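Engineer: Could you have a look at this structure, given as C-alpha cells, before my questions?
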Amino acid sequence: MHLIAKFFQKLRVANMQFLVATLFVIAASNSTVLAASNAVPPPLASLFGGPFQLVDHNGKSVSDKDFRGKFMLIYFGYTYCPDICPTNLQEMALALDALGMEAKKVQPIFISIDPGRDKPAELKEYVSNFGSGFVGLTGTEAQIRAVTKSYRVHRRKVILPGQEATDDYFVDHSSLTHLVGPDGKFRTLFPHNTKGVVMAKRMRKYLKANPS
C-alpha cells in the first residue's frame with residue numbers, strides 16, 4: 001500500500017509537470033512561428049480538441065457531432081483508476097449541481113484511455129456513480145489513440161513490481177478536464193482537482209457568451 005501511495009503521489013506531480021511542459025512547448029513553438037512570419041499565434045481552439053468517432057456506454061457508435069448544441073465537459077481517465085479519476089469526476093458532478101438549470105446546456109463526458117479493459121458495460125456502471133447524465137465513451141485502441149492525440153492527453157501503462165497479470169496495471173495519464181463549446185471548438189481547461197464551485201463559476205462565463 002505504501003508503494004502504491006508513493007506511486008500516485010509521483011503521478012500527481014507528473015501530471016502537473018506534463019501540463020507545464022505541454023504549455024511550454026506550445027508557447028515555444030508559437031514564438032518560433034511568430035519570429036519567422038510575424039503572424040498572430042493560433043488560438044487555443046486550434047491546439048486542443050477535434051473530431052472523434054467512439055462508442056458510448058450503450059454500445060452505440062457516436063461522434064463529436066452528436067453533441068453539437070451543447071457544451072461538452074470532457075474528462076479522460078479509466079475505470080480502474082483508484083482515486084484521481086473519481087475525484088475529478090465527482091468535482092464535475094458538483095459543478096453541474098452548482099450550475100442548476102444551466103447544467104442542461106452541458107454534456108458531461110468520460111472518455112476511457114484504457115480501451116482494453118473499459119468496455120461499454122463497465123463504463124455504463126462506472127459513470128452512473130456520478131450522475132444519470134454522464135456519458136461514457138470508449139473505442140478501439142486506434143480510436144482512443146486518435147482522440148487523446150487531438151486533446152493532447154498523455155497516457156502510459158505502468159506495471160508495478162509484483163504485477164504480472166496482463167490486465168493488472170495502472171495508467172499514468174494527464175488529469176485535465178476540457179470544456180468544448182456547442183460549436184465543437186475548445187474553450188478552456190480545468191486542472192486536476194479543480195473544485196466544482198470554481199469550475200461552475202468559470203463555466204458560467206462561457207455559457208452566457210453562448211445563450212441557447
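Engineer: Kindly list the number of the only condition in (1) surrounded by fewer than 22 Cβ atoms within 10 Å (Cβ to Cβ); (2) in contact (Cβ under 8 Å) with a residue 12 or more places away in the chain that fails for Glu91.
Structural biologist: Single failed check for Glu91: (1).
Engineer: Also, quick follow-up: Is segment 122-135 home to any residue that is under 16 Å from Leu176 (Cβ atoms) and either of a type in the set (Asp, Glu) or touching a Cys at 6+ places or on another chain (Cβ under 8 Å) (or both)? Full working, then the answer.
Structural biologist: Initial filter on segment 122-135 (under 16 Å from Leu176 (Cβ atoms)): none.
Taking every residue of segment 122-135 in turn, none turns out to be under 16 Å from Leu176 (Cβ atoms) and either of a type in the set (Asp, Glu) or touching a Cys at 6+ places or on another chain (Cβ under 8 Å) (or both).
Engineer: Counting just the residues of segment 141-160 that are in contact with a helix residue (DSSP H, G or I) (Cβ under 7 Å, 6 or more places away or on another chain) and of a type outside the set (Lys, Arg), which one comes out farthest from Asp172 (Cα to Cα)? Can you show your working first?
Structural biologist: Of all residues in segment 141-160, those in contact with a helix residue (DSSP H, G or I) (Cβ under 7 Å, 6 or more places away or on another chain) come to 152, 154-155, 160.
Restricting the remaining residues to those that are of a type outside the set (Lys, Arg) gives 154, 160.
Numbers: His154: 8, Leu160: 12 Å.
Per the stated criteria, the residue is Leu160.
Engineer: Further question: Of the residues that make up segment 134-142, is at least one crowded, with 16+ Cβ neighbours inside 10 Å, in contact with a strand residue (DSSP E or B) (Cβ under 6 Å, 6 or more places away or on another chain) and of a type in the set (Ser, Thr, Tyr)? First the steps, then the outcome.
Structural biologist: Step one: of segment 134-142, the residues crowded, with 16+ Cβ neighbours inside 10 Å are 134-139.
Next, only the ones that are in contact with a strand residue (DSSP E or B) (Cβ under 6 Å, 6 or more places away or on another chain) stay: 134-139.
Then keep just the ones that are of a type in the set (Ser, Thr, Tyr); that gives 138.
Yes, there is a match, as at least one residue in segment 134-142 is crowded, with 16+ Cβ neighbours inside 10 Å, in contact with a strand residue (DSSP E or B) (Cβ under 6 Å, 6 or more places away or on another chain) and of a type in the set (Ser, Thr, Tyr).
Engineer: Those residues that are under 15 Å from Ile109 (Cβ atoms), of a type in the set (A, V, I, L, M, F, W, C) and out of contact with any Gly (no Cβ under 7 Å at 6 or more places or on another chain), I need them from segment 175-207; list them, please.
Structural biologist: Within segment 175-207, Leu176, Leu179, Leu189, Phe190, Met199, Met203 meet the criteria.
Engineer: Filter segment 155-181 for residues that are in a loop (DSSP other than H, G, I, E, B), in contact (Cβ under 8 Å) with a residue 24 or more places away in the chain and touching a strand residue (DSSP E or B) at 6+ places or on another chain (Cβ under 6 Å) and give the result.
Structural biologist: Leu176, Gly181
Engineer: Might you let me know whether segment 47-57 holds any residue that is buried (at least 20 other Cβ atoms within 10 Å of the Cβ), out of contact with any Gly (no Cβ under 6 Å at 6 or more places or on another chain), within 27 Å of Thr194 (Cα to Cα) and modelled with pLDDT under 95?
Structural biologist: yes
Engineer: Look at segment 80-113 and say how many of its residues are closer than 21 Å to Asp183 by Cβ, under 16 Å from the mean Cα position of the chain (by Cα) and charged (D, E, K, R).
Structural biologist: Looking only at that region, the number is 0.
The values are calculated or read from the model by the stated rules, or taken from the named source; none is laboratory data. Just so it is clear, the structure is predicted and the values come from calculations on it, not from any experiment. Note that each Cβ is placed from the backbone with ideal geometry, even for glycine, and that neighbours are counted across all protein chains shown.
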